[in-house]
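The structure appears below as C-alpha coordinates.
The values are calculated or read from the model by the stated rules, or taken from the named source; none is laboratory data. From a predicted model like this one, the values you see are computed outputs, not experimental measurements. Cβ placement follows ideal geometry from the backbone for every residue including glycine, while neighbour counts extend to all protein chains displayed.
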Amino acid sequence: MSLVQELRSGRCFLCSLDHDSEIVTTITNLAERLGVEVGAVTAIGALKRAEIGYYDQEAHEYRAIEIERPVEISSLIGNISIRDAKPFLHAHATLADSEGNVRGGHLARGTVFAAEVYLQELCGRPPRRRHDPTTDLFLWSETD
Amino acid sequence: MSLVQELRSGRCFLCSLDHDSEIVTTITNLAERLGVEVGAVTAIGALKRAEIGYYDQEAHEYRAIEIERPVEISSLIGNISIRDAKPFLHAHATLADSEGNVRGGHLARGTVFAAEVYLQELCGRPPRRRHDPTTDLFLWSETD
Amino acid sequence: MSLVQELRSGRCFLCSLDHDSEIVTTITNLAERLGVEVGAVTAIGALKRAEIGYYDQEAHEYRAIEIERPVEISSLIGNISIRDAKPFLHAHATLADSEGNVRGGHLARGTVFAAEVYLQELCGRPPRRRHDPTTDLFLWSETD
(Lines give C-alpha, C1' and ligand atoms only; values in the text may rest on other atoms or scores of the structure.)
Protein backbone atom coordinates (compact mmCIF):
# COMPACT_ATOMS: atom_id res chain seq x y z
CA MET A 1 0.00 0.00 0.00
CA SER A 2 1.39 3.40 -0.98
CA LEU A 3 2.45 5.61 1.90
CA VAL A 4 0.11 8.57 2.33
CA GLN A 5 0.69 11.48 4.66
CA GLU A 6 -2.26 13.82 5.18
CA LEU A 7 -1.36 17.45 5.73
CA ARG A 8 -3.00 20.85 5.45
CA SER A 9 -2.11 24.07 3.63
CA GLY A 10 0.12 26.47 5.50
CA ARG A 11 1.81 29.66 4.42
CA CYS A 12 2.55 30.37 0.76
CA PHE A 13 5.72 32.03 -0.46
CA LEU A 14 6.73 33.57 -3.76
CA CYS A 15 10.50 33.91 -3.87
CA SER A 16 12.82 35.53 -6.36
CA LEU A 17 16.22 33.90 -5.97
CA ASP A 18 19.44 35.86 -6.04
CA HIS A 19 21.36 36.09 -9.27
CA ASP A 20 24.40 33.75 -9.14
CA SER A 21 23.14 31.74 -6.16
CA GLU A 22 23.06 27.93 -6.28
CA ILE A 23 19.42 26.95 -6.70
CA VAL A 24 19.18 23.75 -4.61
CA THR A 25 21.05 25.22 -1.65
CA THR A 26 19.12 28.48 -1.86
CA ILE A 27 15.68 26.86 -1.81
CA THR A 28 16.78 24.54 1.01
CA ASN A 29 18.11 27.48 3.03
CA LEU A 30 14.91 29.44 2.43
CA ALA A 31 12.84 26.54 3.77
CA GLU A 32 15.06 26.31 6.83
CA ARG A 33 15.02 30.07 7.45
CA LEU A 34 11.21 30.23 7.04
CA GLY A 35 10.67 27.19 9.25
CA VAL A 36 9.08 25.15 6.46
CA GLU A 37 9.51 21.45 7.28
CA VAL A 38 7.23 20.11 4.59
CA GLY A 39 6.14 21.71 1.35
CA ALA A 40 5.48 21.59 -2.34
CA VAL A 41 7.64 23.57 -4.74
CA THR A 42 7.34 24.72 -8.34
CA ALA A 43 9.64 27.15 -10.13
CA ILE A 44 10.47 28.74 -13.46
CA GLY A 45 13.34 30.96 -14.55
CA ALA A 46 16.75 30.51 -16.10
CA LEU A 47 20.09 29.03 -15.06
CA LYS A 48 23.61 29.92 -16.20
CA ARG A 49 24.63 26.26 -15.99
CA ALA A 50 23.33 23.14 -14.24
CA GLU A 51 23.88 19.55 -13.31
CA ILE A 52 21.09 17.06 -13.49
CA GLY A 53 21.15 13.44 -12.42
CA TYR A 54 19.81 10.18 -13.81
CA TYR A 55 19.38 7.39 -11.30
CA ASP A 56 20.58 4.10 -12.72
CA GLN A 57 17.86 1.71 -11.56
CA GLU A 58 20.16 -1.34 -11.94
CA ALA A 59 23.42 0.02 -10.54
CA HIS A 60 21.64 2.08 -7.87
CA GLU A 61 23.71 5.19 -8.43
CA TYR A 62 23.23 8.63 -9.93
CA ARG A 63 24.92 9.55 -13.20
CA ALA A 64 25.72 13.23 -13.51
CA ILE A 65 24.68 15.10 -16.66
CA GLU A 66 26.49 18.44 -16.88
CA ILE A 67 24.81 21.27 -18.77
CA GLU A 68 27.50 23.86 -19.39
CA ARG A 69 25.42 26.54 -21.04
CA PRO A 70 22.57 28.90 -20.18
CA VAL A 71 19.13 27.28 -20.06
CA GLU A 72 15.54 28.18 -19.34
CA ILE A 73 13.95 26.29 -16.43
CA SER A 74 11.11 24.93 -18.52
CA SER A 75 9.77 23.23 -15.40
CA LEU A 76 10.84 22.58 -11.84
CA ILE A 77 8.73 20.45 -9.51
CA GLY A 78 9.81 19.38 -6.07
CA ASN A 79 9.04 18.88 -2.43
CA ILE A 80 10.47 19.70 0.96
CA SER A 81 10.52 17.07 3.67
CA ILE A 82 12.72 16.05 6.55
CA ARG A 83 15.96 14.15 6.06
CA ASP A 84 18.51 13.81 8.84
CA ALA A 85 16.34 16.12 11.00
CA LYS A 86 16.56 19.03 8.52
CA PRO A 87 14.47 20.39 5.61
CA PHE A 88 15.54 18.63 2.43
CA LEU A 89 14.64 19.62 -1.15
CA HIS A 90 14.00 16.96 -3.74
CA ALA A 91 13.39 18.54 -7.15
CA HIS A 92 13.34 17.50 -10.79
CA ALA A 93 13.78 19.97 -13.62
CA THR A 94 13.39 20.26 -17.37
CA LEU A 95 15.92 22.65 -18.90
CA ALA A 96 15.73 24.16 -22.39
CA ASP A 97 18.62 25.57 -24.43
CA SER A 98 18.71 28.36 -27.02
CA GLU A 99 17.02 26.15 -29.64
CA GLY A 100 14.33 25.03 -27.19
CA ASN A 101 15.92 21.59 -26.93
CA VAL A 102 15.38 20.05 -23.56
CA ARG A 103 17.12 17.83 -21.04
CA GLY A 104 15.62 16.74 -17.77
CA GLY A 105 16.06 14.76 -14.59
CA HIS A 106 16.94 15.07 -10.92
CA LEU A 107 18.12 18.61 -10.20
CA ALA A 108 21.54 18.31 -8.59
CA ARG A 109 22.81 21.87 -8.94
CA GLY A 110 22.25 25.07 -10.90
CA THR A 111 23.50 28.63 -10.96
CA VAL A 112 20.60 31.08 -10.93
CA PHE A 113 20.28 33.68 -13.67
CA ALA A 114 16.75 34.45 -12.46
CA ALA A 115 14.30 32.13 -10.68
CA GLU A 116 10.76 32.48 -9.37
CA VAL A 117 9.81 29.88 -6.79
CA TYR A 118 6.38 29.06 -5.41
CA LEU A 119 6.69 27.31 -2.04
CA GLN A 120 3.49 25.96 -0.47
CA GLU A 121 4.02 25.03 3.17
CA LEU A 122 2.24 21.89 4.35
CA CYS A 123 1.43 21.52 8.04
CA GLY A 124 1.06 18.38 10.09
CA ARG A 125 3.27 15.40 10.80
CA PRO A 126 6.09 15.57 8.29
CA PRO A 127 7.08 12.50 6.30
CA ARG A 128 10.72 11.60 6.93
CA ARG A 129 13.18 10.20 4.43
CA ARG A 130 14.79 6.91 5.31
CA HIS A 131 16.85 4.46 3.32
CA ASP A 132 14.71 2.19 1.18
CA PRO A 133 16.40 -1.16 0.51
CA THR A 134 14.55 -1.85 -2.76
CA THR A 135 15.73 1.30 -4.53
CA ASP A 136 18.68 2.41 -2.38
CA LEU A 137 17.02 5.84 -2.31
CA PHE A 138 15.90 7.83 0.73
CA LEU A 139 12.13 7.66 0.45
CA TRP A 140 9.34 8.77 2.75
CA SER A 141 8.47 6.39 5.54
CA GLU A 142 5.91 6.53 8.31
CA THR A 143 6.62 9.11 10.99
CA ASP A 144 7.22 7.59 14.38
CA MET B 1 -16.12 32.06 -22.57
CA SER B 2 -13.77 29.66 -20.82
CA LEU B 3 -15.37 27.39 -18.24
CA VAL B 4 -14.31 28.33 -14.71
CA GLN B 5 -15.09 26.31 -11.60
CA GLU B 6 -14.37 28.04 -8.29
CA LEU B 7 -13.23 25.74 -5.51
CA ARG B 8 -11.40 25.97 -2.22
CA SER B 9 -8.35 24.20 -0.80
CA GLY B 10 -9.03 20.97 1.03
CA ARG B 11 -6.69 18.36 2.45
CA CYS B 12 -3.16 17.96 1.15
CA PHE B 13 -1.46 14.62 0.66
CA LEU B 14 2.13 13.60 0.07
CA CYS B 15 2.21 10.05 -1.25
CA SER B 16 5.05 7.68 -1.97
CA LEU B 17 3.83 5.15 -4.50
CA ASP B 18 4.63 1.46 -4.27
CA HIS B 19 7.53 0.11 -6.27
CA ASP B 20 6.22 -1.77 -9.34
CA SER B 21 2.71 -0.30 -9.15
CA GLU B 22 1.10 1.27 -12.25
CA ILE B 23 1.19 5.03 -11.72
CA VAL B 24 -2.12 6.16 -13.30
CA THR B 25 -4.18 3.44 -11.61
CA THR B 26 -2.43 3.98 -8.28
CA ILE B 27 -3.05 7.73 -8.15
CA THR B 28 -6.66 7.19 -9.26
CA ASN B 29 -7.20 4.55 -6.58
CA LEU B 30 -5.62 6.81 -3.95
CA ALA B 31 -8.04 9.60 -4.86
CA GLU B 32 -10.96 7.22 -4.63
CA ARG B 33 -9.82 5.73 -1.32
CA LEU B 34 -9.21 9.19 0.19
CA GLY B 35 -12.53 10.52 -1.09
CA VAL B 36 -10.88 13.16 -3.28
CA GLU B 37 -13.31 14.06 -6.07
CA VAL B 38 -11.40 17.07 -7.37
CA GLY B 39 -7.76 17.92 -7.02
CA ALA B 40 -4.49 19.12 -8.45
CA VAL B 41 -1.55 16.76 -8.78
CA THR B 42 2.18 17.12 -9.28
CA ALA B 43 4.77 14.36 -9.04
CA ILE B 44 8.40 13.49 -9.52
CA GLY B 45 10.26 10.19 -9.39
CA ALA B 46 11.28 7.49 -11.81
CA LEU B 47 9.54 4.84 -13.91
CA LYS B 48 10.79 1.47 -15.14
CA ARG B 49 8.91 1.93 -18.41
CA ALA B 50 6.00 4.04 -19.62
CA GLU B 51 3.51 4.77 -22.34
CA ILE B 52 2.66 8.32 -23.28
CA GLY B 53 0.07 9.49 -25.76
CA TYR B 54 -0.10 12.16 -28.43
CA TYR B 55 -3.58 13.25 -29.42
CA ASP B 56 -3.87 13.64 -33.17
CA GLN B 57 -5.85 16.87 -33.48
CA GLU B 58 -7.01 16.00 -37.03
CA ALA B 59 -7.76 12.29 -36.68
CA HIS B 60 -9.15 12.72 -33.14
CA GLU B 61 -7.33 9.73 -31.73
CA TYR B 62 -4.41 9.06 -29.40
CA ARG B 63 -1.17 7.66 -30.77
CA ALA B 64 0.75 5.56 -28.26
CA ILE B 65 4.44 6.26 -27.69
CA GLU B 66 6.07 3.36 -25.84
CA ILE B 67 9.11 4.09 -23.69
CA GLU B 68 10.70 0.73 -22.98
CA ARG B 69 13.49 1.83 -20.68
CA PRO B 70 13.93 3.40 -17.24
CA VAL B 71 13.24 7.15 -17.08
CA GLU B 72 13.16 9.96 -14.57
CA ILE B 73 9.79 11.70 -14.19
CA SER B 74 11.16 15.13 -15.02
CA SER B 75 7.67 16.54 -14.50
CA LEU B 76 4.16 15.26 -13.92
CA ILE B 77 1.22 17.67 -13.77
CA GLY B 78 -2.38 16.59 -13.60
CA ASN B 79 -5.80 16.93 -12.13
CA ILE B 80 -8.52 14.80 -10.58
CA SER B 81 -12.13 15.38 -11.56
CA ILE B 82 -15.26 13.32 -12.04
CA ARG B 83 -15.83 11.17 -15.11
CA ASP B 84 -18.56 8.56 -15.23
CA ALA B 85 -19.34 9.32 -11.56
CA LYS B 86 -15.83 8.38 -10.37
CA PRO B 87 -12.54 10.19 -9.68
CA PHE B 88 -10.52 10.38 -12.90
CA LEU B 89 -6.86 11.36 -13.27
CA HIS B 90 -5.73 13.36 -16.26
CA ALA B 91 -1.96 13.81 -16.21
CA HIS B 92 0.81 14.81 -18.59
CA ALA B 93 4.44 13.87 -18.01
CA THR B 94 7.93 14.68 -19.21
CA LEU B 95 10.25 11.68 -19.00
CA ALA B 96 14.06 11.79 -19.19
CA ASP B 97 16.37 8.92 -20.12
CA SER B 98 19.94 8.14 -19.03
CA GLU B 99 21.35 10.92 -21.25
CA GLY B 100 18.80 13.44 -19.99
CA ASN B 101 16.93 13.27 -23.29
CA VAL B 102 13.26 13.86 -22.88
CA ARG B 103 9.92 12.76 -24.28
CA GLY B 104 6.58 14.06 -23.14
CA GLY B 105 2.84 13.95 -23.54
CA HIS B 106 -0.32 12.48 -22.08
CA LEU B 107 0.59 9.92 -19.40
CA ALA B 108 -1.14 6.69 -20.36
CA ARG B 109 0.73 4.22 -18.15
CA GLY B 110 3.95 3.79 -16.22
CA THR B 111 5.55 1.29 -13.88
CA VAL B 112 6.77 2.98 -10.70
CA PHE B 113 10.40 2.68 -9.65
CA ALA B 114 9.82 5.43 -7.07
CA ALA B 115 7.30 8.28 -7.18
CA GLU B 116 6.46 11.18 -4.87
CA VAL B 117 3.03 12.67 -5.46
CA TYR B 118 1.57 15.90 -4.12
CA LEU B 119 -2.22 15.78 -4.22
CA GLN B 120 -4.10 18.98 -3.31
CA GLU B 121 -7.78 18.31 -2.71
CA LEU B 122 -10.16 20.96 -4.01
CA CYS B 123 -13.58 21.29 -2.39
CA GLY B 124 -16.83 22.55 -3.87
CA ARG B 125 -18.91 21.53 -6.87
CA PRO B 126 -16.72 19.28 -8.98
CA PRO B 127 -16.39 19.86 -12.70
CA ARG B 128 -17.51 16.79 -14.63
CA ARG B 129 -16.03 15.46 -17.84
CA ARG B 130 -18.39 15.12 -20.77
CA HIS B 131 -17.80 14.49 -24.44
CA ASP B 132 -16.83 17.65 -26.31
CA PRO B 133 -17.84 17.48 -29.99
CA THR B 134 -15.15 19.93 -31.19
CA THR B 135 -12.20 17.92 -29.91
CA ASP B 136 -13.76 14.46 -29.29
CA LEU B 137 -12.19 14.65 -25.82
CA PHE B 138 -13.94 14.43 -22.46
CA LEU B 139 -13.59 18.00 -21.17
CA TRP B 140 -15.02 19.78 -18.16
CA SER B 141 -18.55 21.05 -18.50
CA GLU B 142 -20.85 22.90 -16.15
CA THR B 143 -22.09 20.86 -13.24
CA ASP B 144 -25.83 20.39 -13.24
CA MET C 1 19.26 37.77 0.14
CA SER C 2 16.49 36.32 -2.03
CA LEU C 3 13.23 38.25 -2.08
CA VAL C 4 10.48 36.41 -0.24
CA GLN C 5 6.83 37.43 -0.19
CA GLU C 6 4.63 35.61 2.32
CA LEU C 7 1.06 35.06 1.20
CA ARG C 8 -1.85 32.79 2.06
CA SER C 9 -4.06 30.49 -0.02
CA GLY C 10 -7.12 32.07 -1.55
CA ARG C 11 -9.67 30.74 -3.99
CA CYS C 12 -8.85 27.87 -6.33
CA PHE C 13 -10.01 27.68 -9.92
CA LEU C 14 -10.10 24.89 -12.47
CA CYS C 15 -10.54 26.39 -15.92
CA SER C 16 -11.10 24.80 -19.30
CA LEU C 17 -9.94 27.28 -21.91
CA ASP C 18 -11.85 27.94 -25.11
CA HIS C 19 -10.80 26.12 -28.24
CA ASP C 20 -8.89 28.49 -30.55
CA SER C 21 -8.20 31.09 -27.85
CA GLU C 22 -4.67 32.42 -27.26
CA ILE C 23 -3.46 30.82 -24.05
CA VAL C 24 -1.38 33.63 -22.46
CA THR C 25 -4.02 36.29 -23.08
CA THR C 26 -6.82 33.99 -21.94
CA ILE C 27 -5.21 33.09 -18.60
CA THR C 28 -4.29 36.75 -18.03
CA ASN C 29 -7.86 37.86 -18.79
CA LEU C 30 -9.26 35.16 -16.48
CA ALA C 31 -7.07 36.42 -13.63
CA GLU C 32 -8.23 39.97 -14.26
CA ARG C 33 -11.90 39.00 -14.51
CA LEU C 34 -11.70 36.90 -11.32
CA GLY C 35 -9.81 39.61 -9.45
CA VAL C 36 -6.73 37.42 -8.91
CA GLU C 37 -3.73 39.69 -8.40
CA VAL C 38 -1.30 37.00 -7.32
CA GLY C 39 -1.38 33.30 -7.99
CA ALA C 40 0.28 30.07 -8.97
CA VAL C 41 -0.63 28.35 -12.21
CA THR C 42 -0.20 24.88 -13.67
CA ALA C 43 -1.78 23.55 -16.85
CA ILE C 44 -1.90 20.63 -19.25
CA GLY C 45 -3.61 20.20 -22.60
CA ALA C 46 -2.71 20.67 -26.24
CA LEU C 47 -1.96 23.59 -28.55
CA LYS C 48 -2.46 23.93 -32.31
CA ARG C 49 0.75 25.96 -32.57
CA ALA C 50 2.93 27.99 -30.20
CA GLU C 51 5.79 30.37 -29.77
CA ILE C 52 8.27 29.91 -26.97
CA GLY C 53 11.13 32.19 -26.02
CA TYR C 54 14.72 31.71 -24.95
CA TYR C 55 16.25 34.61 -23.08
CA ASP C 56 19.79 35.28 -24.26
CA GLN C 57 21.60 35.90 -20.98
CA GLU C 58 24.44 37.80 -22.74
CA ALA C 59 22.49 39.89 -25.26
CA HIS C 60 19.58 40.45 -22.83
CA GLU C 61 16.90 39.72 -25.37
CA TYR C 62 14.39 36.98 -26.11
CA ARG C 63 14.82 34.76 -29.14
CA ALA C 64 11.55 33.45 -30.54
CA ILE C 65 11.18 29.74 -31.25
CA GLU C 66 8.15 29.10 -33.46
CA ILE C 67 6.42 25.73 -33.20
CA GLU C 68 4.20 25.46 -36.24
CA ARG C 69 2.52 22.16 -35.50
CA PRO C 70 0.15 20.64 -32.95
CA VAL C 71 1.75 19.81 -29.59
CA GLU C 72 0.78 18.42 -26.22
CA ILE C 73 1.38 20.77 -23.27
CA SER C 74 3.61 18.32 -21.43
CA SER C 75 3.94 20.88 -18.64
CA LEU C 76 3.02 24.49 -17.97
CA ILE C 77 4.10 26.21 -14.77
CA GLY C 78 3.63 29.89 -14.09
CA ASN C 79 2.62 32.65 -11.78
CA ILE C 80 0.41 35.72 -11.71
CA SER C 81 1.70 38.93 -10.19
CA ILE C 82 1.35 42.64 -10.77
CA ARG C 83 3.14 44.43 -13.59
CA ASP C 84 2.17 47.95 -14.62
CA ALA C 85 -0.70 47.82 -12.10
CA LYS C 86 -2.34 44.82 -13.80
CA PRO C 87 -2.29 41.01 -13.37
CA PHE C 88 0.56 39.60 -15.43
CA LEU C 89 1.16 35.94 -16.32
CA HIS C 90 4.70 34.57 -16.46
CA ALA C 91 4.67 30.96 -17.62
CA HIS C 92 7.11 28.40 -18.98
CA ALA C 93 6.01 25.39 -20.97
CA THR C 94 7.29 22.06 -22.27
CA LEU C 95 5.63 21.07 -25.53
CA ALA C 96 5.69 17.58 -27.09
CA ASP C 97 5.11 16.71 -30.75
CA SER C 98 3.62 13.60 -32.37
CA GLU C 99 6.79 11.57 -31.65
CA GLY C 100 6.92 12.76 -28.04
CA ASN C 101 9.88 15.00 -28.82
CA VAL C 102 9.92 18.07 -26.68
CA ARG C 103 10.84 21.74 -26.81
CA GLY C 104 10.57 24.11 -23.90
CA GLY C 105 11.05 27.64 -22.62
CA HIS C 106 9.21 30.87 -21.88
CA LEU C 107 5.64 30.62 -23.15
CA ALA C 108 5.10 33.57 -25.46
CA ARG C 109 1.94 32.49 -27.27
CA GLY C 110 -0.14 29.45 -28.10
CA THR C 111 -3.42 28.58 -29.77
CA VAL C 112 -5.54 26.36 -27.54
CA PHE C 113 -6.77 23.00 -28.82
CA ALA C 114 -7.80 22.09 -25.25
CA ALA C 115 -6.30 23.30 -21.98
CA GLU C 116 -6.99 22.62 -18.32
CA VAL C 117 -5.65 25.26 -15.97
CA TYR C 118 -5.31 25.14 -12.20
CA LEU C 119 -5.10 28.66 -10.77
CA GLN C 120 -4.38 29.00 -7.05
CA GLU C 121 -5.04 32.51 -5.81
CA LEU C 122 -2.58 33.87 -3.25
CA CYS C 123 -3.71 36.61 -0.89
CA GLY C 124 -1.68 39.31 0.80
CA ARG C 125 0.64 42.02 -0.44
CA PRO C 126 1.38 41.20 -4.05
CA PRO C 127 4.95 41.24 -5.32
CA ARG C 128 5.34 43.72 -8.16
CA ARG C 129 7.53 43.39 -11.21
CA ARG C 130 10.09 46.09 -11.79
CA HIS C 131 13.05 46.36 -14.12
CA ASP C 132 16.09 44.54 -12.77
CA PRO C 133 19.34 46.07 -14.07
CA THR C 134 21.39 42.86 -13.73
CA THR C 135 19.21 40.75 -16.01
CA ASP C 136 17.16 43.40 -17.87
CA LEU C 137 14.09 41.39 -16.89
CA PHE C 138 11.08 42.55 -14.88
CA LEU C 139 11.53 40.68 -11.61
CA TRP C 140 9.70 40.85 -8.31
CA SER C 141 10.75 43.62 -5.98
CA GLU C 142 9.59 44.62 -2.54
CA THR C 143 6.11 46.07 -2.43
CA ASP C 144 6.04 49.64 -1.23
Quiz prompt | Every residue from the range C:98-123 that is within 11 Å of chain A (Cβ to nearest Cβ), surrounded by fewer than 24 Cβ atoms within 10 Å (Cβ to Cβ) and under 17 Å from C:Pro70 (Cβ atoms) | solution = C:Asn101
Practice problem: Report yes if C:Pro126 is surrounded by fewer than 23 Cβ atoms within 10 Å (Cβ to Cβ), under 17 Å from the mean Cα position of the chain (by Cα), within 27 Å of A:Cys12 (Cβ to Cβ) and at pLDDT 95 or above, otherwise no. | Solution: no
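From the list B:Gly124, B:Gly104, B:Gly78, B:Gly100, pick out the single residue that is in contact with a strand residue (DSSP E or B) (Cβ under 9 Å, 6 or more places away or on another chain), small (Gly, Ala, Ser) and in contact (Cβ under 8 Å) with a residue 60 or more places away in the chain. Outline the logic, then answer.
Values: B:Gly104 fails: in contact (Cβ under 8 Å) with a residue 60 or more places away in the chain; B:Gly78 fails: in contact (Cβ under 8 Å) with a residue 60 or more places away in the chain; B:Gly100 fails: in contact (Cβ under 8 Å) with a residue 60 or more places away in the chain.
Checking each option against the conditions leaves just B:Gly124.
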Practice problem: Filter the range A:33-66 down to the residues that are part of a loop (DSSP other than H, G, I, E, B) and of a type in the set (A, V, I, L, M, F, W, C), then identify the one that is surrounded by the most Cβ atoms within 10 Å (Cβ to Cβ). | Solution: A:Val38
Quiz item: Going through the range B:35-55 one residue at a time, which ones are more than 7 Å from every other protein chain (Cβ to nearest Cβ) and free of Cβ contacts under 8 Å to residues at least 60 places away in the same chain?
Solution: B:Gly35, B:Glu51, B:Gly53
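In the set A:Asp56, A:Asp84, A:Asp20, which member is more than 30 Å from B:Arg33 (Cβ to Cβ), modelled with pLDDT under 95 and not aliphatic (A, V, I, L, M)?
Sole residue among the options that is more than 30 Å from B:Arg33 (Cβ to Cβ), modelled with pLDDT under 95 and not aliphatic (A, V, I, L, M): A:Asp84.
What tally of residues in the range A:1-32 results from selecting those that are of a type in the set (A, V, I, L, M) and in a helix (DSSP H, G or I)? Talk me through it step by step, then tell me what you get.
Filtering the range A:1-32 for residues of a type in the set (A, V, I, L, M) gives A:1, A:3-4, A:7, A:14, A:17, A:23-24, A:27, A:30-31.
Narrowing the set further to residues that are in a helix (DSSP H, G or I) leaves A:23-24, A:27, A:30-31.
The number of residues fulfilling the criteria is 5.
Only one residue in B:Leu30, B:Leu139, B:Leu34 is within 18 Å of C:Ile44 (Cα to Cα) and not charged (D, E, K, R), so which one is that?
Numbers: B:Leu30 fails: within 18 Å of C:Ile44 (Cα to Cα); B:Leu34 fails: within 18 Å of C:Ile44 (Cα to Cα).
Answer to the selection: B:Leu139.
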Quiz item: Are any of the residues in the range B:15-25 buried (at least 24 other Cβ atoms within 10 Å of the Cβ), without any contact (Cβ under 8 Å) to a residue 60 or more places away in the chain and either within 28 Å of A:Leu137 (Cα to Cα) or at the interface with chain A (Cβ under 10 Å from one of its Cβ atoms) (or both)?
Solution: no
Exercise. Starting from residues that are away from chain A (no Cβ under 11 Å) and buried (at least 20 other Cβ atoms within 10 Å of the Cβ), keep the ones in the range B:1-14 and report whichever is nearest to C:Arg11 (Cα to Cα).
Key: B:Leu7
Quiz item: Mind checking which residues of the range C:40-71 are touching a strand residue (DSSP E or B) at 6+ places or on another chain (Cβ under 6 Å), under 30 Å from B:Val41 (Cβ atoms) and basic (Lys, Arg)?
Solution: C:Lys48, C:Arg49
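Of all residues in the range C:67-88, how many are within 14 Å of chain B (Cβ to nearest Cβ) and either surrounded by fewer than 20 Cβ atoms within 10 Å (Cβ to Cβ) or under 21 Å from A:Glu72 (Cα atoms) (or both)?
To start, the set of residues in the range C:67-88 that are within 14 Å of chain B (Cβ to nearest Cβ) comprises C:67-78.
Next, only the ones that are either surrounded by fewer than 20 Cβ atoms within 10 Å (Cβ to Cβ) or under 21 Å from A:Glu72 (Cα atoms) (or both) stay: C:67-69, C:71-78.
Count: 11.
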